[in-house]
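As structure tokens, the structure follows; a few thoughts come after it.
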Amino acid sequence: MTKYIFITGGVLSGLGKGTVAASIAKLLQFRGFSVSMIKCDPYLNVDAGTMNPIEHGENFVCENVWEFEPAKGFVFRIAEVDQDFGTYERFIGKNVHPSHNITSGQIYLSVILRERIGEYLGKTIQIIPHITDEIKRRILEIANEGSDIILVEIGGTVGDIEGMPFLEAIRQLRNSMAKEDTMLIHVTYVPYLKTIGQLKTKPTQHSVQRLLQAGLTPDAIVARCELPLTLDEKKKISLFSGVPIEAVISAPDLNVVYALPIVFEQQGFGDYIIRRLNLIPAENPRIGLKEWEDIVKLFMMDNPSIRIAMVGKYTRIVDSYISINEALKHAGAHERVSVEITYIDAENYEVKDLESYDGILLTPGFGKRATEGMIKAARFALRKHIPFLGICYGAQLATVAFARDVMKWKDAHTTEVNPYTSYPVVDLLPWQKNVQTKGGTMRLGGIGVFIKKGTRLWNAYKQKYVIERFRHRYHIIRDYAEKMMNEGYVINAEDEEKNIAGFEVSWHDFFLGVQFHPEFKSRPWAPSPPYREFIRAIKRKLELN
Ligand code: GLN
């Protein structure tokens, strides 16, 4: 019988509820249980794919693509999910399926389309029970995958209007299950007031009240705070929330997020959960705990710093590129350097300022804004021999920079920005040009990539065939790439359909771009090969070896 842990949030969003959920899952893995993660997002978008990262953080891309069929005769391909899925994968080391990101958009779309095709004939369609039933159905369906425990994170904070149907659905689910089969963990914020030198528990009190109003009683409270809670503060929270004191858990700010499961372990959180769910751990001592501690130590080492400029168009919030940040940190930790990232707004910077960085990473993106600034950064790295990694749009725009600068094709461009360029070095493929909807032409999810021997990319992977994740519409066009080959442009990878999947420049120590997003598969224990090779190139240049 699958057990469920629901995770809600209070006081504010952006508390790192995803990291808390992933860390709890880790505690269960340490005890030998299999886990699955679900994230419910109350927004009305059907998937995260159409959201600007500045508004909602990164779009994470799953390995699998899900054929979502809200009603007979309607199918949508979904692989883009909330950024929390990246956190889940980086902690639990298991690919998460896109159907585990349940949005209000999907729920309402299913119910409304089914109403139209007559599935509810004669009935008045209502939020309760129709919307809540659909939410419950989706959550329960995932139990068929056979995990011991499913963790369900509810996005947003309690009290948000959009979140109500989800809270009501989990209230009903909890009612229908035995007490030891479900658990509710509420994540709140306990601010530290510098002026009086105290942690304040009042906002937590209010958010617990909101939860109780929704008919939900918490079994544990995780308090996000600058400093760990004292015993007195834990007692206070325990008193007003009705949660036993051992289940009031501190989640203080950490330099290394991967240390959170250990911080939880030290407070006995894992044992409490197991007791509360009436589970008998499969093994003792813990599985993988020691290895996890070793990984965390690797991230805490005092290493020499390297500085990387991350040039892009969504630099206003750091979450826009969270998987890239993490991939750089993973690679750095394993290469014994500490990576300092500076985000550079491609629309507003002086290109010569890039000189002070040890490496330049050109980021993914969509649309025209800031592209000239991005191309300039690539050209600078090319001319000044600064180690350079271009990811997806970053690789496409670096190709444009090569075409303009080396080939002297002055108006070379991607047709995404300039459809009238005389050198469309990046363009749609012929079949894509006839498809009307934007969704229909996007290449998504894990696709096989063949790596060419003798290239720098080969040094990274040392493997002929890998699966990496894609999220793009445009391609580097072979006819142009072949002309550029005479000047040192090297195609280092092709995908299953023989499209160009990566390139590098032969006369530059490290100027490499990939059409895919290797960051999505980087793990703290297994850094992504292209990122690691990039860090190695920087180390070589700085003679840090
Ligand atoms: N906009 C580009 C494309 O659609 C690149 C996308 C990306 O960087 N993920 O191909």
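The values are calculated or read from the model by the stated rules, or taken from the named source; none is laboratory data. Please read all numbers here as calculations on a predicted model, not as lab measurements. Neighbour counts run over all protein chains shown; Cβ positions are idealised from the backbone, glycine included. Quick note on the areas: whole protein, heavy atoms, side chains included, nothing else; ligands and nucleic acids left out. Shrake-Rupley method; radii C 1.70, N 1.55, O 1.52, S 1.80 Å.
Is it the case, given these coordinates, that Arg137 is free of Cβ contacts under 8 Å to residues at least 24 places away in the same chain, surrounded by fewer than 23 Cβ atoms within 10 Å (Cβ to Cβ) and either in contact with a Phe, Trp or Tyr (Cβ under 7 Å, 6 or more places away or on another chain) or of a type in the set (Lys, Arg) (or both)?
Here the answer is yes, as Arg137 does meet what is asked.
Conditions: (1) surrounded by fewer than 17 Cβ atoms within 10 Å (Cβ to Cβ); (2) touching a helix residue (DSSP H, G or I) at 6+ places or on another chain (Cβ under 9 Å). Asn175 meets all but one. Number of the miss?
Exception for Asn175: condition (2).
Do the conditions hold for Tyr423, that is, is it open to solvent by 20 Å² or more (accessible area, probe 1.4 Å), touching a helix residue (DSSP H, G or I) at 6+ places or on another chain (Cβ under 7 Å), within 12 Å of the ligand (Cβ to nearest atom) and not small (Gly, Ala, Ser)?
The answer is no for Tyr423.
Results for (1) farther than 27 Å from Glu533 by Cα; (2) of a type in the set (D, E, K, R); (3) in contact with a Leu (Cβ under 8 Å, 6 or more places away or on another chain), shown as yes or no for each residue.
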{"residue": "Gly365", "(1), (2), (3)": "no, no, no"}
{"residue": "Ala378", "(1), (2), (3)": "no, no, yes"}
{"residue": "Ala381", "(1), (2), (3)": "no, no, yes"}
{"residue": "Leu389", "(1), (2), (3)": "no, no, yes"}
{"residue": "Lys408", "(1), (2), (3)": "yes, yes, no"}
{"residue": "Val425", "(1), (2), (3)": "no, no, no"}
{"residue": "Leu428", "(1), (2), (3)": "yes, no, no"}
{"residue": "Gly448", "(1), (2), (3)": "no, no, no"}
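For Tyr480, only one of the following conditions fails: (1) within 12 Å of the ligand (Cβ to nearest atom); (2) hydroxyl-bearing (Ser, Thr, Tyr); (3) touching a Phe, Trp or Tyr at 6+ places or on another chain (Cβ under 7 Å). What is its number?
(1)
Do we find a residue being farther than 30 Å from Val514 by Cα and in contact (Cβ under 8 Å) with a residue 60 or more places away in the chain anywhere in region 247-258?
Among the residues of region 247-258, at least one is farther than 30 Å from Val514 by Cα and in contact (Cβ under 8 Å) with a residue 60 or more places away in the chain, which makes the answer yes.
Scan region 504-545 for residues that are touching a strand residue (DSSP E or B) at 6+ places or on another chain (Cβ under 8 Å), aliphatic (A, V, I, L, M) and more than 20 Å from Ser320 (Cα to Cα) and jot them down.
Val505, Leu512, Ile535, Ala537, Ile538, Leu542, Leu544, listed by residue number.
Just for region 27-41: of the residues that are open to solvent by 20 Å² or more (accessible area, probe 1.4 Å) and not hydroxyl-bearing (Ser, Thr, Tyr), which one is farthest from Phe85 (Cα to Cα)?
Across region 27-41, the extreme among qualifying residues is Gly32.
Given (1) open to solvent by 10 Å² or more (accessible area, probe 1.4 Å); (2) touching a helix residue (DSSP H, G or I) at 6+ places or on another chain (Cβ under 8 Å); (3) acidic (Asp, Glu), identify the lone condition not met by Glu145.
(2)
Do we have any residue at all in region 65-84 that's out of contact with any Cys (no Cβ under 8 Å at 6 or more places or on another chain), open to solvent by 20 Å² or more (accessible area, probe 1.4 Å), of a type in the set (Lys, Arg) and over 23 Å from Gly9 (Cβ atoms)?
Yes, there is a match, as at least one residue in region 65-84 is out of contact with any Cys (no Cβ under 8 Å at 6 or more places or on another chain), open to solvent by 20 Å² or more (accessible area, probe 1.4 Å), of a type in the set (Lys, Arg) and over 23 Å from Gly9 (Cβ atoms).
Any idea which residue in region 352-368 is nearest to Glu543 (Cα to Cα), counting only those that are open to solvent by less than 40 Å² (accessible area, probe 1.4 Å) and outside any strand (DSSP E or B)?
The qualifying residue nearest to Glu543 (Cα to Cα) is Asp358.
How do the pairs read when you match residues in region 395-409 that are closer than 10 Å to Phe503 by Cβ with residues anywhere that are away from the ligand (no atom under 16 Å from the Cβ) and open to solvent by less than 10 Å² (accessible area, probe 1.4 Å), using Cβ under 6 Å and keeping only pairs 6 or more apart or on different chains?
Phe402/Tyr489
If you check Val152 against the conditions, is it part of a strand (DSSP E or B) and either under 29 Å from the mean Cα position of the chain (by Cα) or under 27 Å from Leu239 (Cα atoms) (or both)?
yes
At least 1 residues that are under 22 Å from Val263 (Cβ atoms) and modelled with pLDDT of 95 or more in each: list the strands (runs of 3 or more DSSP E) lying fully within region 11-120 that qualify.
Result: 35-41.
Could you say which residue among Gly394, Gly373 is part of a helix (DSSP H, G or I) and surrounded by 24 or more Cβ atoms within 10 Å (Cβ to Cβ)?
Only one candidate qualifies: Gly394.
Which pairs turn up if I take residues in region 364-381 that are within 17 Å of Tyr474 (Cα to Cα) and look for partners that are away from the ligand (no atom under 11 Å from the Cβ) and part of a helix (DSSP H, G or I) with beta carbon separation below 6 Å, at least 6 apart in sequence or on another chain?
Ile375/Val400; Ile375/Ala401
Go through region 410-420 and give me each residue that's away from the ligand (no atom under 12 Å from the Cβ), in contact with a strand residue (DSSP E or B) (Cβ under 9 Å, 6 or more places away or on another chain) and in contact (Cβ under 8 Å) with a residue 12 or more places away in the chain.
Ala412, His413 - these are the residues of region 410-420 that are away from the ligand (no atom under 12 Å from the Cβ), in contact with a strand residue (DSSP E or B) (Cβ under 9 Å, 6 or more places away or on another chain) and in contact (Cβ under 8 Å) with a residue 12 or more places away in the chain.
I need the full set of residues from region 286-314 which are in a loop (DSSP other than H, G, I, E, B) and crowded, with 22+ Cβ neighbours inside 10 Å, in order please.
Scanning region 286-314 gives Lys313, Tyr314.
Show the residue pairs meeting these rules: Cβ distance below 9 Å; 6+ apart or different chains; first residue within region 469-489 and under 13 Å from Ala398 (Cβ atoms); second residue within 10 Å of the ligand (Cβ to nearest atom) and outside any strand (DSSP E or B).
Pairs found: Ile476/Ala395; Ile476/Gln396; Ile476/Gln515.
Determine the pairs where a residue that is over 16 Å from Thr87 (Cβ atoms), located within region 517-545, has a partner that is among the aromatic types (Phe, Trp, Tyr) with Cβ atoms under 6 Å apart, the partner being 6 or more residues away or on another chain.
Short answer, once both residue conditions are applied: Pro529/Tyr461; Ala537/Phe510.
Of all residues in region 216-243, which are among the basic types (Lys, Arg) and open to solvent by 80 Å² or more (accessible area, probe 1.4 Å)?
Once the filter is applied, which keeps residues that are among the basic types (Lys, Arg) and open to solvent by 80 Å² or more (accessible area, probe 1.4 Å), region 216-243 yields Lys235, Lys236.
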